[in-house]
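Read-outs: derived from the displayed coordinates by stated rules, not from any lab. Here the structure is a predicted model, which is why all the values come from computation and not from measurement. Cβ coordinates were reconstructed from backbone atoms using ideal geometry, including for glycine residues, and neighbour counts include every protein chain displayed.
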Amino acid sequence: MDDGSELERRLDALYVAVRDSATVDRQAAFDIAMNELEYRPLHAEARELAEASVADDDETRLASAAAAFLDAYGYEPGFEQAPERFARLERALDAVRADMRATGLTGEVRLVRPGWIPGNAAVKTWAGDQGWTGGISSSDAADDLSALVAVAEQARQAIMESLQYQSTGRVWPACPAHGLGTSPEARHGTGLWWCDGGDGHVSAEVGHWAAWQQSRLSRIPRLPAGITRRGPGLSLQRARQ
Ligand SMILES: [Zn+2]
């Protein structure tokens, strides 16, 4: 079993069986364990999975060995195996939609599964833009905050493309105090739009952009001392699998 996609398929099946409390395929579980032991002979969870898969009639032991193995292996289910993660992205996008409306954007955005990064999701705008990074992986959607920040970042990129920021310089969402771009960040357990100016500051909580903020922009004609403009950049680089 040296074919990577075959291993992935078997891991997915193992995950689904554990998730649904269904019968674990003993042969597949044994193969997965032996494959791992080839590389890591001392892998305790792989040993236990191999032993549990040949032990007769102990489904409980096999199921918990499979769960422990997947955990130790660092297995991350894709959106197909963990549809609740995609649902989490949909909820996160609702929060971003609220910020769009609060800042006067009327266009539609939606989640798509683009072909260019298999397995990932992306935000697509009214104009068909999908941002400049690789989209959102299933592991980004493992918890609410991570999902919120990932969706906000993808939405920001796609929306700025649709606002043609490269020619117009128009950033989204713009900091109400400085007119500079902001980037979503997870801080203190919350998703925040963080101003790109200087050391930065909170512009708004993601999903809670106050409608009045944008109107203040017109009263701030120039940048305060010490604040410099910078391009949209990739300020939210994360390790991706
Ligand atoms: Zn600012």
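Take Glu205 and Asp144, extend 7 Å from each Cα along the Cα→Cβ direction, and tell me the distance between the two endpoints in nm.
1.1 nm
So how tilted is helix 144-162 from the main axis of the chain? Cα-based, degrees 0 to 90, rounded to 10.
Tilt of helix 144-162: around 50 degrees.
Helix 44-54 sits at what angle to the longest principal axis of the chain, using alpha carbons and giving 0 to 90 degrees rounded to 10?
Roughly 50 degrees, rounded to the nearest 10.
So, in Å, what gap is there between the alpha-carbon centers of region 6-62 and region 167-201?
Taking the Cα centre of each part, region 6-62 and region 167-201 sit 46 Å apart.
With only Lys, Arg, Asp and Glu charged, each at its Cβ (+1 for the first two, -1 for the last two), find how big the charge dipole of region 83-215 is about the Cα centre; round to the nearest 20 debye.
300 debye
Indicate the gyration tensor shape class of region 103-155 (rounded, prolate or oblate), computed on the Cα atoms with a ≥ b ≥ c the square roots of the eigenvalues: a/c under 1.5 is rounded; otherwise a/b larger than b/c is prolate and the rest oblate. Working shown, then result.
Values: a/c = 2.43, a/b = 1.26, b/c = 1.93.
In terms of gyration-tensor shape, oblate.
Which loop-located GluC sites (Glu not before Pro) does region 57-156 contain, where loop means any DSSP state but H, G, I, E or B and the Cβ has at most 16 other Cβ atoms within 10 Å?
Glu80, Glu108
When the helix-only estimate is applied to the chain (DSSP H runs of n ≥ 4, each -39,500 (n - 2.57), divided by the residue count), what is the mean residue ellipticity at 222 nm, nearest 500 deg cm²/dmol?
About -14000 deg cm²/dmol.
Helix 26-39 against the longest principal axis of the chain: what's the angle in degrees, Cα atoms only, rounded to the nearest 10?
Tilt of helix 26-39: around 70 degrees.
Once you keep just the Cα pairs under 8 angstrom separated by 6 or more residues, what percentage relative contact order results for region 1-63?
Over region 1-63, the number comes to 30 percent.
Skipping prolines and chain starts, which residues have an amide H placed within reach, meaning under 5 Å, of the one on Trp194, given they are 5 or more residues away or on another chain?
Those qualifying (amide H under 5 Å, at least 5 residues apart or on another chain) are Ser183, Glu185, Ser203.
What distance in nm separates the simple spin-label points at Ser64 and Arg91, each placed 7 Å from Cα in the Cβ direction?
My value for the distance between the label points is 3.0 nm.
Could you tell me whether region 4-73 comes out rounded, prolate or oblate from its Cα gyration tensor? Rule is a ≥ b ≥ c as square roots of the eigenvalues, rounded for a/c under 1.5, then prolate if a/b exceeds b/c, otherwise oblate.
Since a/c reaches 1.5 but b/c is at least a/b, the shape of region 4-73 is classed as oblate.
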